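The values are calculated or read from the model by the stated rules, or taken from the named source; none is laboratory data. Being a predicted model, the structure only gives us computed values, none of them experimental. Cβ coordinates were reconstructed from backbone atoms using ideal geometry, including for glycine residues, and neighbour counts include every protein chain displayed. The protein model used for the area step is the full one, side chains on, heavy atoms only, and it has no ligands, DNA or RNA in it. Shrake-Rupley method; radii C 1.70, N 1.55, O 1.52, S 1.80 Å.
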Amino acid sequence: MTTFTRRSLLKTSALAAAGTLATPALLRAQSSELVIGCAGSHTAWMEAIVIPHMKAAIGADILFEGTKSSVNLEKMASNKDAPYLSVVQMDDPVMIQAVEADLLTPISEEAVPNRADLRPDAVHMEGMWCNYVQPWAGVAYNTDFADGVPSWEALWAPESAGQVIIPSLQNTEGMWTMFVAAMLGSGKSFSEAQYEIDAAFAKLEELKPNLLSVYSTMSQAFNLLEQGEISMLAGNFSSYTLPRKAEGVPVDLAAPKEGIFAMPSGICLVKGGPNPELAAAYVNEMLGAKMQAEIADFASSVPANTTVTAGAVIPDGVQIYSPDWAFVAANRRDWIERFDKLMAL
């Protein structure tokens with residue numbers, strides 16, 4: 001269980017400005033282009049917030065490639081001898097695989113001073129990657145259908161037949177439905193149930209009559225939720241659902257009584273990637289107070305920088321789970337194969 005608290009006040013604007021002005025002179029002599037791999041679901045705030053900020057703060061022209069974390073990993077691996085990505089933003093279990101494949105350069109406090117302001121649990125494997133924001137994940141639902149989703153069991157309820165979409169295990173958010181299935185199927189607490197994979201798959205099989213589909217592209221599934229074609233979308237996260245709610249779309253994100261999940265968003269430096277100094281400056285900005293506050297507010301997420309008060313309000317009275325990511329990384333390929341065969345509709 002992970003507990004988040006509101007952060008201390010922002011550093012003064014003068015300090016924030018000083019951090020921006022402290023860009024190495026070497027950057028001005030290099031190409032200004034950086035190719036960034038990121039989640040496709042982050043497109044809105046990358047385009048609205050990050051790209052303009054990076055141009056103004058460090059003079060970087062950002063080329064943004066939005067896709068799934070697993071695809072980013074494949075790009076890094078297939079271009080290992082001649083990387084074209086400089087920075088990649090992807091999920092923790094895929095970061096572990098990237099470390100194992102020797103695809104990353106550690107994020108040092110010397111090159112990225114703002115790393116020093118992060119929560120200790122946001123820095124992984126001696127700086128191989130850091131979490132920059134952390135949305136929470138629950139069940140997204142159409143408010144024209146219901147006032148809430150009090151329990152994950154609602155996904156399995158007979159009245160939900162044909163009204164549910166869940167993520168594929170190729171998407172990290174797909175893990176949440178599987179872990180919930182493990183808890184419900186085994187009757188054990190999350191700390192034990194996350195290892196009860198047979199119980200998880202048995203419970204997932206029981207869910208099939210209620211599924212309209214299984215998605216690999218989240219935006220398409222969310223459109224069906226918005227349009228009322230389905231009533232619930234499992235495993236969705238605050239950085240996607242809550243901004244849509246704020247825009248007046250009839251959706252909301254439920255925190256069922258069994259618990260919700262911490263959705264890690266990591267950032268790393270690609271080993272041998274182009275413009276390493278500019279890439280480090282980009283990461284430093286992403287971990288700094290200004291970007292942390294703006295992204296957290298825009299994406300309804302919990303910032304990693306301890307100087308920032310912004311972002312998502314974590315629901316009271318509900319447990320927040322973070323799984324054993326090393327266990328996930330070691331078994332995910334086999335789980336995906338098993339899931340795809342079992343859940344074919």
Task: Whether the range 185-277 is rounded, prolate or oblate, judged on the alpha carbon gyration tensor where a/c under 1.5 counts as rounded - done: oblate
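Set the Förster distance to 30 Å, then compute FRET efficiency between Leu63 and Ser216 from the Cβ-Cβ distance, nearest 0.05. Can you show the working numbers first?
Working: r = 24 Å, r/R0 = 0.79.
Step by step, r from the Cβ atoms, then E = 0.80.
State whether the range 90-141 is rounded, prolate or oblate according to the following rule on the C-alpha gyration tensor (a ≥ b ≥ c being the square roots of its eigenvalues): a/c under 1.5 gives rounded; otherwise a/b larger than b/c gives prolate, and the remaining case gives oblate.
Details: a/c = 3.10, a/b = 1.38, b/c = 2.25.
The shape class here is oblate.
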- [ ] Using every Cα-Cα pair within the range 129-184, state what percent have a distance larger than 19 Å.
- [x] 37
Open item on the list: How large is the accessible surface of Asp198 in square angstrom, using a 1.4 angstrom probe and rounding to the nearest 10?
Closed with: 110
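With a 1.4 Å probe and every protein chain left in place, work out the accessible area per residue of the chain in Å², rounded to a whole number. Before the final figure, lay out the partial values.
Details: 14220 Å² over 345 residues.
With all protein chains present, the chain gives 41 Å² per residue.
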Open item on the list: Give me the three principal axis extents of the chain from the C-alpha atoms, as integers in angstrom, largest value leading.
Closed with: 64, 41, 34
- [ ] With a bin width of 5 angstrom, please list the P(r) values of the range 192-345 as percents of all Cα-Cα pairs, from the 0 bin to the one holding the largest distance.
- [x] 2, 7, 12, 15, 18, 18, 14, 9, 5, 1, 0
